[in-house]
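The values are calculated or read from the model by the stated rules, or taken from the named source; none is laboratory data. Source: prediction; values computed, not measured. Reconstructed Cβ throughout: ideal geometry from the backbone, glycine too, with neighbour counts over all protein chains shown. Accessible surface is based on the protein model in full, side chains and every heavy atom, while ligands, DNA and RNA are left aside. Shrake-Rupley method; radii C 1.70, N 1.55, O 1.52, S 1.80 Å.
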Amino acid sequence: MNNNIQVNKSDQAEKARIGAVGENQVVSMLLQQGWDAFNANANIKNYKSIDIVCIKPNPDIPCKPQLALIQVKTCFQKNIPIGFTIEQCLEDDYLEKHVMDPYVFVYASKSNGAWSFRYFIISRQQFIKLARAGHDWYVNGYKREKPVSQKSPAGFNLTWLKGEGEDANNHRIAFQNPLKGVN
């Protein structure tokens, strides 16, 4: 039993490390694009709904800089957890109230000791549309013997972030991705 606790703590530490890698990659990219960016988690551990705060001077109105609050989700798997349950994704009012703008999804891979990253940036409205449509399809678009637990964590398939849908087969109807054409 003690070993299970250590494994769980190790898994949590690894997830936190992966998240930190993605967040720092995004901060670096933003700095290169002229934004002043810092990680909100540096002061408050796992700050709710915001990972990065970005400020860019506004040449037209110097006392009112541009501001962006960014949520970053990083993963090695092809299904990236989005921080909501399936049930929450099916409730439009819940998503409207809790989704910040924008999201950056970081797909990370490591080969021969070298990291590579793929970034997907989607707006608040794109996130809400994809969360709702994707999870409605996942719950209602399959022929299942048992219903899906809507308390389960929700995620975005990497192909969805590329703007791709899912073809119909013997077990499911086709998924029409609301991000079709986005890459």
Exercise. Using alpha-carbon pairs under 8 Å, 6+ residues apart, how would you state the relative contact order of the range 98-183 in percent?
Worked result: 25 percent
Exercise. Per-residue ellipticity at 222 nm for the chain, helices alone: DSSP H runs ≥ 4 residues times -39500 (n - 2.57), over residue total, nearest 500 deg cm²/dmol?
Worked result: -11000 deg cm²/dmol
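As a test, work out the antiparallel percent of DSSP beta bridges whose residues both lie in the range 22-112, rounded to the nearest 5.
65 percent
Using a Förster radius of 22 Å, what is the FRET efficiency between His171 and Asp136 based on their Cβ-Cβ separation? Nearest 0.05, please.
It comes to 0.85.
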For this session: Considering Cα pairs under 8 angstrom that are at least six residues apart, work out the relative contact order of the chain and quote it in whole percent.
Result: 17 percent
Problem set entry | Gained length - Thr159 relative to Glu91, 0.36 nm times residue gap less alpha-carbon distance | 22.2 nm
Seminar exercise, completed: Counting sequence-distant residues (5 or more places) and residues on other chains, those with an amide H built under 5 Å from that of Asp51 are Ile70, Gln71, Val72
Problem set entry | Most to least packed among 128-137, 161-170, 60-69 [average Cβ atoms within 10 Å] | 128-137, 161-170, 60-69
For this session: Distance between Cα centroids, the range 87-119 to the range 20-79: provide it in whole Å.
Result: 14 Å
For this session: From zero up to wherever the largest Cα-Cα distance of the chain sits, split into 10 Å bins and tell me the percent of pairs in each.
Result: 9, 31, 34, 20, 6, 1, 0
Exercise. When the C-alpha atoms of the range 58-117 are aligned to their principal axes, what extent does each axis show, in angstrom, from largest down?
Worked result: 48, 36, 9
Problem set entry | Accessible surface of Ile86 - all protein chains present, 1.4 Å probe, nearest 10 Å² | 10 Å²
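Could you pull out the pairs from Lys15/Lys143; Lys143/Lys180; Lys15/Lys151; Lys15/Lys97 whose alpha carbons sit more than 31 Å apart here?
Violating the 31 Å Cα-Cα cut-off are Lys15/Lys143.
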Problem set entry | ³J(HN,Hα), Karplus 6.51/-1.76/1.60, whole Hz, each residue of the range 51-67, x for Gly, Pro | 10, 10, 10, 10, 9, 9, x, 9, x, 7, 9, x, 7, 10, x, 6, 10
